[in-house]
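Colleague: Please read through the structure below; I'll follow up with questions.
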Amino acid sequence: MAAAATQELPERIIKTELSQYARRRDTTGPYADNLDIDVLIVGAGFSGIYLLYEMRKQGYNTVLYDAGTGYGGTWRWNCYPGARVDSPVPIYQLAIPEVYNTFSFTTNYPDWRELQAYFDHCDKVCNLSKDTAFETVVTSAEFDQQAGKWTAKTADGRTCKTRFLIVAAGFAAKRYVPDYKSIEKFKGVVHHSSFWPPEDVDVKGKKVAVIGTGASGVQIAQEWGPQVEHMTVFQRTPNLALPMGKRPMSKEEQDGLRPYYPEMLNLRERCFAGFTYDFSEHDTFDHTPEEREAFFEALWKQAGFALWLGGYKDYLFDMKANREAYNFWAKKQRQRIKNPAKRDLLCPLEPPHAFGVKRPCLEQNYYEVLDQDNVDIVDISEKGGNQIVEFTENGIKTADSKVHEADVVALATGFDITTGGMTSMGLKSINGTYLKDEWKSSANTYLGTTISGYPNMFHIYGPHGPTLLSNGPSAVEIQGRWIRDAINKINKEGLKSINATPEATKAWKQRINDLSNATLLPTTRSTYMGGSVPGKAFEQVNYAGGVDKYRSEIREVLKDWRGFKTEPIQSAA
């Protein structure tokens with residue numbers, strides 16, 4: 001068995017593209033070849049499910065394609081140890097009454113298993129499967145201007161024609177695996193966090209390594225630490241993690257809240273980040289040191305993202321104010337770590353970057369686990385000068401020539417964030433160019449929902465929307481309703497197509513940059529600023545003005561198609 005697993009390893013490492021997982025399950029219904037439909041949606045996470053639900057209500061012949069084996073998007077792929085959401089129930093769900101009134105979670109922060117059960121319940125209640133083709137990967141799509149239709153092709157050779165193409169691939173659809181030297185020599189087991197085998201990997205009593213301390217790295221480390229012989233965590237940047245505040249939620253508690261769900265789900269769209277709380281009306285130095293301490297303590301007791309998204313309204317704009325928030329965070333978390341060297345690595349007195357300009361992970365016992373004697377932390381930052389050099393047969397070699405032995409390695413190295421899902425689909429513009437080439441230097445959209453040169457194509461929860469600066473379902477529903485209403489308006493007005501203009505695109509890009517540049521977000525490389533994939537542009541890829549402002553801004557455009565070139569159907573004659 002060990003030899004067979006080793007032989008499979010290079011193939012496991014090479015498999016980083018979704019197209020390598022394509023398989024045709026059937027030849028009928030949504031799996032049929034030569035489909036000719038109204039709407040094709042690509043991606044079956046929150047975005048795809050919501051749009052399929054909405055498009056069918058409007059009477060459109062709609063099909064949903066997804067590369068996975070079931071609903072859930074990132075939650076179908078992210079089944080690594082400890083994978084758990086960081087937005088709480090009840091706001092982390094779709095505002096579909098027939099679903100939320102008939103499903104109960106067991107905790108305020110569900111794990112991937114429970115979220116998969118939620119998505120399966122969405123399918124059962126809304127009968128989504130009849131219009132969905134799984135293990136289906138779009139590899140090319142091109143718009144026929146004369147016919148006013150997109151032609152999409154799949155990895156297994158099918159073709160689908162559609163009036164409207166909606167890309168619901170999300171922000172984390174393309175994995176990033178660094179090009180580690182001699183990784184093929186490693187004789188142990190290695191997986192990327194988002195391609196983790198659902199059957200899991202037994203690590204009890206073994207030596208393990210976790211590369212990366214983003215959300216998945218934090219969650220894997222705190223899950224593995226208590227059960228392994230030894231764990232090595234390779235850290236480039238400390239995660240300024242916050243206590244999750246996870247607790248059980250009974251069905252009775254949720255039943256008592258359900259009458260208020262409509263208002264709660266509406267409220268999340270009126271708060272900056274799509275939660276049900278917002279920043280303070282005060283600036284940091286409006287308060288005395290004692291008042292600040294009391295305010296921070298109240299946020300800390302609230303747990304979750306309260307310190308991040310409910311703090312003083314100036315702390316993401318002013319570095320001096322930001323330092324007050326960081327100092328409080330460091331004081332609280334350093335108290336939990338006994339080992340002085342680890343304390344300084346995990347919670348340095350000098351901030352590695354401004355607090356909150358990277359999305360914090362929500363942790364449960366991360367600092368206690370990494371403080372254990374059976375855990376080593378290796379600083380692989382440029383400043384530390386001890387980067388990973390190569391893999392060996394038995395582990396990972398760092399610049400100091402030390403080999404860190406491991407039986408199992410978790411690559412928690414993240415994604416080609418925000419744009420990667422769209423640029424890997426073979427999307428071709430009416431100008432003969434490909435999106436993957438157009439966006440090599442920089443992403444360009446109009447409204448975070450459309451792209452110039454791609455008529456009648458919409459995207460959701462991707463670049464230039466609130467996306468990573470928001471609770472997912474909040475942003476999804478704002479954009480989903482806009483896409484629904486845009487398609488209805490196109491049909492009502494007898495238009496063949498709409499196409500965002502280059503001028504509007506340029507102005508929207510400036511809007512994105514202006515909102516971001518007013519903050520501290522551009523002071524460090526992060527998922528907000530293009531991610532860590534080598535060669536990617538250092539640029540803001542999210543709308544940083546808040547979901548409430550974003551909603552009103554994009555709705556205004558629907559009144560008169562401002563920024564779009566429209567083409568009537570009769571012009572084809």
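Colleague: Taking every alpha carbon pair in the stretch 80-120, what does the distance histogram look like in 10 angstrom bins from 0, in percent?
Modeller: For the stretch 80-120, the binned pair fractions read 29, 60, 11, 0 percent.
Colleague: Additional query: Determine the principal axes of the Cα atoms in the stretch 137-280, then give the extent along each, sorted from largest to smallest and rounded to whole angstroms.
Modeller: Each principal axis gives a Cα extent; for the stretch 137-280 these are 64, 52, 32 Å.
Colleague: Sticking with this structure for a sec: Enter the Cα centre distance for the pair the stretch 18-80 and the stretch 316-391, rounded to the nearest angstrom.
Modeller: A separation of 40 Å, based on Cα centres.
Colleague: Sticking with this one: Using only the alpha carbons of the stretch 87-158, what is the convex hull's orientation-averaged projected area in square nanometres?
Modeller: Numbers: hull surface 29.0 nm².
Convex hull of Cα atoms, orientation-averaged projection: 7.2 nm².
Colleague: So which aspartates and glutamates pass the test for LYS397, namely a Cα distance under 17 Å, with those fewer than 8 places away in the same chain ruled out?
Modeller: Qualifying aspartates and glutamates at Cα under 17 Å: ASP179, GLU184, ASP376, ASP379, GLU382, GLU405, ASP407.
Colleague: Same structure again: Tell me whether the stretch 32-78 comes out rounded, prolate or oblate; compute the Cα gyration tensor, take square roots of the eigenvalues as a ≥ b ≥ c, and use a/c under 1.5 as the rounded threshold.
Modeller: Values: a/c = 3.55, a/b = 1.47, b/c = 2.41.
It comes out oblate by the Cα gyration axes.
Colleague: With labels modelled as points extended 7 Å from the Cα through the Cβ direction, what inter-label distance (nm, one decimal) is found for ASP514 paired with GLU493?
Modeller: Here the modelled spin labels are 2.4 nm apart.
Colleague: Follow-up question, since we're still on this one. Name the long-range amide H neighbours of ILE37: under 5 Å, sequence gap of 5 or more, or other chain; modelled H, no Pro or chain starts.
Modeller: Amide H to amide H, under 5 Å and 5 or more residues apart or across chains, ILE37 pairs with LYS161, THR162, ARG163.
Colleague: Tell me which aspartates and glutamates have Cα within less than 18 Å of LYS383's Cα, excluding those fewer than 8 residues away on the same chain?
Modeller: ASP344, GLU350, ASP400
Colleague: Going by amide H atoms built from the backbone, whose H comes under 5 Å of the H on LEU242, apart from near neighbours?
Modeller: Answer set, sorted by chain and number: CYS361, LEU362, GLU363.
Colleague: Full extension from LYS338 to LYS320: what is 0.36 nm times the residue separation minus their Cα-Cα distance, to one decimal in nm?
Modeller: Numbers: separation 18, 0.36 × 18 = 6.48 nm, distance 2.88 nm.
Additional length available on full extension: 3.6 nm.
Colleague: If you don't mind, another one. Cut-off is 10 Å between beta-carbons; in what order do MET264, MET249 appear when sorted fewest neighbours first? Before the final figure, lay out each step's value.
Modeller: Values: MET264 14, MET249 19.
Neighbour counts put them in this order, fewest first: MET264, MET249.
Colleague: Read phi for every residue in the stretch 400-411 and hand back ³J(HN,Hα) as whole Hz from Karplus 6.51 cos²θ - 1.76 cosθ + 1.60, θ = phi - 60°, with x for Gly and Pro.
Modeller: With the stated coefficients, the stretch 400-411 comes to 7, 6, 7, 9, 8, 5, 7, 8, 9, 10, 9, 8 Hz.
Colleague: HN-Hα J couplings of the stretch 502-509 from phi, Karplus 6.51/-1.76/1.60, θ = phi - 60°, integer Hz, Gly and Pro as x?
Modeller: Couplings: x, 5, 5, 4, 4, 5, 5, 4 Hz.
Colleague: Using packing as a proxy for protection, rank 285-297, 233-245, 111-123 so that the peptide with the highest average count of other Cβ atoms within 10 Å comes first. Before the final figure, lay out each step's value.
Modeller: Numbers: 285-297: 13.8, 233-245: 21.8, 111-123: 19.1.
By packing density, highest mean first, the sequence is 233-245, 111-123, 285-297.
Colleague: Next question. Roughly how big is the stretch 186-245's charge dipole about its Cα centre, with Cβ charges of +1 (Lys, Arg) and -1 (Asp, Glu), in debye to the nearest 20?
Modeller: Taking the Cα centre of the stretch 186-245 as origin, the dipole is about 240 debye.
Colleague: Looking at the chain, what % of its DSSP beta bridges pair antiparallel, to the nearest 5? Spell out each step's value before the answer.
Modeller: On the way: 26 of 64 bridges.
Taking every DSSP beta bridge with both residues in the chain, the antiparallel ones total about 40 percent.
Colleague: Further question: My understanding is that a pair violates if its Cα-Cα distance is over 20 Å; which of LYS204/LYS402; LYS130/LYS251; LYS153/LYS436; LYS149/LYS559; LYS181/LYS206; LYS301/LYS332 do that in this structure?
Modeller: Numbers: LYS204/LYS402 24 Å; LYS130/LYS251 30 Å; LYS153/LYS436 17 Å; LYS149/LYS559 24 Å; LYS181/LYS206 24 Å; LYS301/LYS332 11 Å.
Among LYS204/LYS402; LYS130/LYS251; LYS153/LYS436; LYS149/LYS559; LYS181/LYS206; LYS301/LYS332, the Cα-Cα distance tops 20 Å for LYS204/LYS402; LYS130/LYS251; LYS149/LYS559; LYS181/LYS206.
Colleague: Still on this structure: Considering amide H positions built from the backbone, and no H for Pro or chain starts, which residues 5 or more places from TYR446, or on another chain, come under 5 Å of its amide H?
Modeller: Amide H neighbours of TYR446: ILE451, SER452.
Colleague: Relative contact order of the chain, please, whole-number percent, based on alpha carbon pairs below 8 angstrom and at least 6 residues apart. Kindly include the intermediate steps, with their values, before the conclusion.
Modeller: On the way: 1168 pairs, mean separation 105.1, N = 573.
Worked out over the chain, it gives 18 percent.
Colleague: What are the ³J(HN,Hα) values, in whole Hz, obtained from phi via the Karplus relation 6.51 cos²θ - 1.76 cosθ + 1.60 with θ = phi - 60°, for each residue of the stretch 261-267 in sequence order, with x given for Gly and Pro?
Modeller: Karplus values, whole Hz, x for Gly and Pro: 4, x, 5, 5, 6, 6, 4.
Colleague: A follow-up question, please. Rounded, prolate or oblate: which one fits the stretch 196-341, using the alpha carbon gyration tensor with axes a ≥ b ≥ c (rounded when a/c is under 1.5, else prolate when a/b beats b/c, else oblate)? Could the numbers behind the result be given before it?
Modeller: Details: a/c = 2.35, a/b = 1.29, b/c = 1.82.
Cα axes put the stretch 196-341 in the oblate bin.
Colleague: Arranged by the count of other C-beta atoms within 10 angstrom, fewest first, what order do GLU142, GLU253 take?
Modeller: On the way: GLU142 17, GLU253 12.
Starting with the residue having the fewest Cβ neighbours, the order is GLU253, GLU142.
Colleague: Compute the signed sum of charges (Lys and Arg +1, Asp and Glu -1) over the other residues within less than 10 Å, Cβ to Cβ, of ASP371. Before the final figure, lay out each step's value.
Modeller: Numbers: positive: ARG336, LYS338, LYS342, ARG343; negative: GLU368, ASP373.
Once all neighbours under 10 Å are counted, the net charge is +2.
Colleague: Continuing with this model, one more query. Between ALA298 and ALA117, with labels modelled 7 Å along Cα→Cβ, what's the label distance in nm to one decimal, could you check?
Modeller: For ALA298 paired with ALA117, the spin-label model returns 3.6 nm.
Colleague: Test of the criteria: in the stretch 187-233, which trypsin sites (Lys or Arg not before Pro) are in a DSSP loop and have at most 11 other Cβ atoms within 10 angstrom of their Cβ?
Modeller: Numbers: sites: LYS187, LYS204, LYS206, LYS207; in loops: LYS187, LYS204, LYS206.
Here the trypsin sites (Lys or Arg not before Pro) that fit, given the DSSP loop and packing criteria, are LYS204.
Colleague: Assuming a ≥ b ≥ c are the square roots of the Cα gyration tensor eigenvalues, decide whether the stretch 35-163 counts as rounded (a/c under 1.5), prolate (otherwise, with a/b larger than b/c) or oblate.
Modeller: On the way: a/c = 2.75, a/b = 1.76, b/c = 1.56.
It comes out prolate by the Cα gyration axes.
Colleague: Quick check on my link table: of LYS187/LYS331; LYS358/LYS440; LYS187/LYS358; LYS428/LYS565, which ones sit more than 30 Å apart, alpha carbon to alpha carbon?
Modeller: Numbers: LYS187/LYS331 42 Å; LYS358/LYS440 23 Å; LYS187/LYS358 35 Å; LYS428/LYS565 18 Å.
Among LYS187/LYS331; LYS358/LYS440; LYS187/LYS358; LYS428/LYS565, the Cα-Cα distance tops 30 Å for LYS187/LYS331; LYS187/LYS358.
Colleague: Calculate how large, on average over all directions, the projected area of the Cα convex hull of the chain is; give the answer in nm² to one decimal.
Modeller: Values: hull surface 104.5 nm².
Taking a quarter of the hull surface, the average projection is 26.1 nm².
Colleague: Give the Rg/Rh ratio for the stretch 281-358, taking Rg as the radius of gyration of the Cα atoms and Rh as the Kirkwood radius, to two decimals. Can you show the working numbers first?
Modeller: Working: Rg = 12.5 Å, Rh = 13.0 Å.
For the stretch 281-358, the value is 0.96.
Rule-based calculations on the coordinates, nothing more; no lab input. Bear in mind that the values here come from a model prediction, so they are computed numbers and not experimental data. In this analysis, Cβ positions are derived from the backbone assuming ideal geometry, glycine residues included, and neighbour counts consider all displayed protein chains.
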